[in-house]
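Below is one structure, written out as structure tokens; comments come after it.
The values are calculated or read from the model by the stated rules, or taken from the named source; none is laboratory data. Predicted model only: the values in this text are computed from it and were never measured. Positions of Cβ are generated from backbone atoms using ideal geometry, with glycine treated the same way; all protein chains shown enter the neighbour counts. Only protein heavy atoms, including side chains, enter the accessible area calculation; ligands, DNA and RNA are left aside. Shrake-Rupley method; radii C 1.70, N 1.55, O 1.52, S 1.80 Å.
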Amino acid sequence: MPATKKEILSRLNNNFAKLTPGGIREFDYQVSSIPGIIKLTLGEPDFNVPAAMKQAAIDSINANDSHYAPGNGTLALRQAIAHFMQDRYQLDYDPENEIAVTVGATEGIFASLSTIINPGDEIIIPTPTFPFYMAVTKILGGIPIEVDTSSDGFVLTPERLKSVLEEHPNAKGLVLNYPSNPTGVTYTQDQIKALADTVKSTSLIVIADEIYSELVYGATHTSIANYIPEQTLILNGASKSHAMTGYRIGFIAGPQELMKSVSAIHAMLVTAASNPAMAAAVAAFDTDEGKTATQEMKEAYEQRRDFVVNSLQKLGFRLINPQGAFYIFAKIPAQYGNDDLKFATDLANEGKVAVIPGSFFGAGGQGYVRISYATSMDTLKQAMTNIAEFINKED
């Protein structure tokens, strides 16, 4: 007798049963069919890839650069990344054995967490945050320890970390994403140094997702690796800084002892990144054109941020002015209580503006919505007009 569907499904990885559906993509898909909808949902830059990056990819194709690259990426790109990290953040990494090119920062998250998690290991994850960290931890058999940071301005304080470690003394890792998706909040140099001092007295390995590090407004990004390089794996890439999301180029940088395992796991996951995409990333990370393009995008994002923040505040929304990335995390109107899903659903159906419910981002996100301003100013102006009409109608 053939196996039943239930019997077949029982053969799946049990860890997948612990996962909830991907709320962000699912909600975005649901609202996309609403006529006239303005989507401020996904972290997708609206800029085109700069010309120098596109030409580098074309040149790679025309040169028949179609064979396997080294698992950790072409040497040219690893050298470009090393220069980028030193130039921007005063961090020194050996391109030979301390950098691995990944298929986007997403694959970098999986490879780095796979390196440190054994079944039952605890990973500290400040929330609200990008939900993929929790999902990967669960898939690998780890236990995510969510730390609600909403009462501390959405930053993890040293005092809070010490308190968590008292309750979870065997925690193996700490995921730190800043500037933050979804809040746009980042850490000052003093805050990062104080946090690093706390981590230094432990054996924690920090997974520092700094994919938005080039998009910091009015300040300079400070990596926690400046203080505890031997305990830090940095994740970064070209997706957000150079609008190259579809090229899928990320990287992991860290001490040689850790990177040996990271690189091995990465190579088993994907073999290597695409050659034309890596050629484009060399131009992104190691040319004046790449640096100029990022600066121009950042200036546009900052103007959009200021417009949206001012517009929302005039409508009575409470929010922390984001210092980085391209998201605003706003408290929903009081009449909705903490039901951010209902607010976002009503806003989409009645106001024709789609935002992401904050509860999708873990503890502390309830009662908020994430608004992406990675779209044109014209689109944002219409979106704010729609939100104003919706709010005034609700009143």
Grab the helices (runs of 4 or more DSSP H) fully contained in the stretch 11-127, keeping just those with 3 or more residues being farther than 20 Å from Glu289 by Cβ and open to solvent by less than 60 Å² (accessible area, probe 1.4 Å).
23-32, 104-116
Check whether at least one residue in the stretch 174-193 is exposed (fewer than 15 other Cβ atoms within 10 Å of the Cβ) and assigned to a helix (DSSP H, G or I), and report yes or no.
yes
Which condition breaks for Thr127 when tested against (1) under 23 Å from Leu42 (Cβ atoms); (2) over 17 Å from the mean Cα position of the chain (by Cα)?
(2)
Which condition does Asp378 not pass, out of (1) over 23 Å from the mean Cα position of the chain (by Cα); (2) over 22 Å from Leu215 (Cβ atoms), if it passes all the others?
(2)
Looking at the stretch 290-301, which of its residues are among the charged types (D, E, K, R) and surrounded by fewer than 16 Cβ atoms within 10 Å (Cβ to Cβ)?
Glu296, Glu299
Being under 30 Å from Thr41 (Cα atoms), open to solvent by less than 40 Å² (accessible area, probe 1.4 Å) and not aliphatic (A, V, I, L, M): is that true of Asp148 here?
no
If you check every pair at least six apart or on different chains, which have Cβ atoms under 7 Å apart with a residue in the stretch 372-383 that is open to solvent by 50 Å² or more (accessible area, probe 1.4 Å) first and a residue that is of a type outside the set (Asp, Glu) and assigned to a strand (DSSP E or B) second?
Gln382/Ile38
So in the stretch 128-140, with the set limited to residues that are in contact with a Gly (Cβ under 7 Å, 6 or more places away or on another chain) and part of a loop (DSSP other than H, G, I, E, B), which one is surrounded by the fewest Cβ atoms within 10 Å (Cβ to Cβ)?
Pro131
Please go through (1) more than 30 Å from Ala57 (Cα to Cα); (2) open to solvent by 20 Å² or more (accessible area, probe 1.4 Å); (3) outside any helix (DSSP H, G or I); (4) of a type outside the set (Gly, Ala, Ser) for Phe360 and return the number of the only condition it doesn't satisfy.
(3)
